[in-house]
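In what follows, a structure is listed as structure tokens, so that the remarks can point back to it.
The values are calculated or read from the model by the stated rules, or taken from the named source; none is laboratory data. Predicted model, so just to flag it, every value in this text is computed and none were measured. Methodologically, a virtual Cβ is constructed for each residue, glycine included, from the backbone with ideal geometry; neighbour enumeration extends over all protein chains shown. Just so you know, the surface numbers come from the protein's heavy atoms only, side chains and all, with ligands and any DNA or RNA stripped out. Shrake-Rupley method; radii C 1.70, N 1.55, O 1.52, S 1.80 Å.
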Amino acid sequence: MQKTALLIIDVQNAMFHESNPIYDGEQLLKNLQDLINRARTVNIPVFFVQHNDEEFKSGTSAWEIHSSIAPNVGEVVIQKHTPDSFYETELHEKLQTEQIKNLVVAGNQTEYCIDTTSRRAYSLGYNVTLVKDAHRTWDSSALSAQQIIDHYNEVLGNAFATLKETKEVQFS
């Protein structure tokens, strides 16, 4: 039986700041809480990825993982500096150590870190499930956040990932 892990990408405080909150952030947090709780209940490992850059400076409140989905003691937190959660990080090695073959992907930001990480995971041979109602972004000058989410669900679902809603994800 192939092992599964839940991968939560870049759910950090800065993304929920009242001055420019991510689209539908409260629902995102509810969906992530549901996924994390169900994964933990059946001992599915939860891996967290934390972005580091000018806006997300290590050790600041903005950089911290949102408290409503905070990692438990012993859960893996990967530090990254690019949209690719695998690039120059220990993610692939940690997943291999755990013999993980299936990744359930959720978090932020749809058109950057979710897209790049999902494609890279697929290229590395993982079976990727993208939780289509558990990743978010902001409006752009050309598209609404929901249009961006819908577009990436379609693109990633056509070649790189199986799409499921939060309620459809089964950890067993």
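Just checking: which of the strands (runs of 3 or more DSSP E) contained wholly in segment 56-172 hold 2 or more residues that are open to solvent by less than 80 Å² (accessible area, probe 1.4 Å) and charged (D, E, K, R)?
Values: elements: 76-80, 100-108, 127-136, 162-164.
The strands (runs of 3 or more DSSP E) meeting that bar are 127-136.
State all residues of segment 149-170 that are among the aliphatic types (A, V, I, L, M) and under 16 Å from the mean Cα position of the chain (by Cα); if no residue qualifies, say none. Show your work before the answer.
Pass one, segment 149-170, residues among the aliphatic types (A, V, I, L, M): 149, 155-156, 159, 161, 163, 169.
Across segment 149-170, the qualifying residues are Ile149, Leu156, Ala161, Leu163, Val169.
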Within segment 122-141, residues being in contact with a helix residue (DSSP H, G or I) (Cβ under 9 Å, 6 or more places away or on another chain) and among the small types (Gly, Ala, Ser) number 2
Picked from segment 1-20 (must be in a loop (DSSP other than H, G, I, E, B) and at pLDDT 95 or above), the residue surrounded by the most Cβ atoms within 10 Å (Cβ to Cβ) is Val11
Output for Cβ contacts, cut-off 7 Å, separation at least six or different chains, first residue under 22 Å from Gln27 (Cβ atoms) in segment 117-136, second of a type in the set (Lys, Arg), reads Thr129/Lys164; Val131/Lys164; Lys132/Lys164
Scanning segment 21-43 for residues that are under 21 Å from His92 (Cα atoms) and under 15 Å from the mean Cα position of the chain (by Cα), the one surrounded by the fewest Cβ atoms within 10 Å (Cβ to Cβ) turns out to be Ala39
